[in-house]
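Below is one structure; the comments refer to it alone.
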Amino acid sequence: MRFERALCAFALVGVVAGCTSSSDPKIVESTTSAAPAVAGSAPAWTEPGSYSYKLTRGCDAAKPLGIYQATVQGGKVTGSTRVGDATAAPDPSAAVDLGPVTGDEGEEIEVPTLGELVAMAQTSADDGGQVSTEYDTADGHPVKVTINVSGEADAAECWGISDYKVG
C-alpha cells in the first residue's frame, strides 16, 4: 500500500489538468482530487538557488488577507515583508483575535518558499484535500495554489504568486 501511495504521489506531481480560461496563455492548471485528467502541461519546475516573488494570500483578489514580498536563498526564506496597508482597521470592541499588528482578522503567516508551498499542496492532496495548482508554462513555477481540506466552499486557502524573479 505504501508503494502504491508513493507511486500515486509521484504520478500526481507530474500530472497537469484542465487549461485555465485566463487571458494569460502561459498558465496551466492542475486539479488534484480523486481522478485528475490531463489536458495540458508545464515544464517540470526545480526550485532555483535564489529567487524572489510576491505572495498574495486569500481567495478574494479584491480583499487579500495579506501580500508579502519574499526573497529565497538556498531553499530558505531569507527575507519577507508585508506589502501595503492592512485590509481592516482594528476595532477595540472586537470579539475576535485581530492579529498582532495588521488589524486583520487572523494572524500573520510565515511566508513559505515556493517549494514548501508546492509540498504543502501535495501533502493536502495526499490526505484527500481538494487542491488546484496553476503553473507558468514558460518555466513551470507555481502561480496559484488553492487548497481546501474541509470540502466547505468558503474554507479554501488561496495563494497567488507574482513578480517571480530568479537570481
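Table for the structure above
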item: Residue check for P142: modelled with pLDDT under 95 and either in contact with a Leu (Cβ under 7 Å, 6 or more places away or on another chain) or at positive phi (or both); result: no
item: Selected residue (only one of T137, T146, T123, T133 is of a type outside the set (D, E) and in contact with a Cys (Cβ under 7 Å, 6 or more places away or on another chain)); result: T146
item: Extreme residue, modelled with the lowest pLDDT, among residues of segment 145-167 that are open to solvent by 40 Å² or more (accessible area, probe 1.4 Å) and among the β-branched types (V, I, T); result: V149
item: Hits in segment 126-167 (condition: touching a residue at least 24 places away in the same chain (Cβ under 8 Å) and not in a strand (DSSP E or B)); result: D126, T137, A138, D139, G140, H141, V149, A156, G167
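The values are calculated or read from the model by the stated rules, or taken from the named source; none is laboratory data. Bear in mind that the values here come from a model prediction, so they are computed numbers and not experimental data. Every residue, glycine as well, gets a Cβ built from its backbone with ideal geometry; the counts of neighbours run over all protein chains shown. For accessibility, only protein heavy atoms count, side chains too; no ligands or nucleic acids. Shrake-Rupley method; radii C 1.70, N 1.55, O 1.52, S 1.80 Å.
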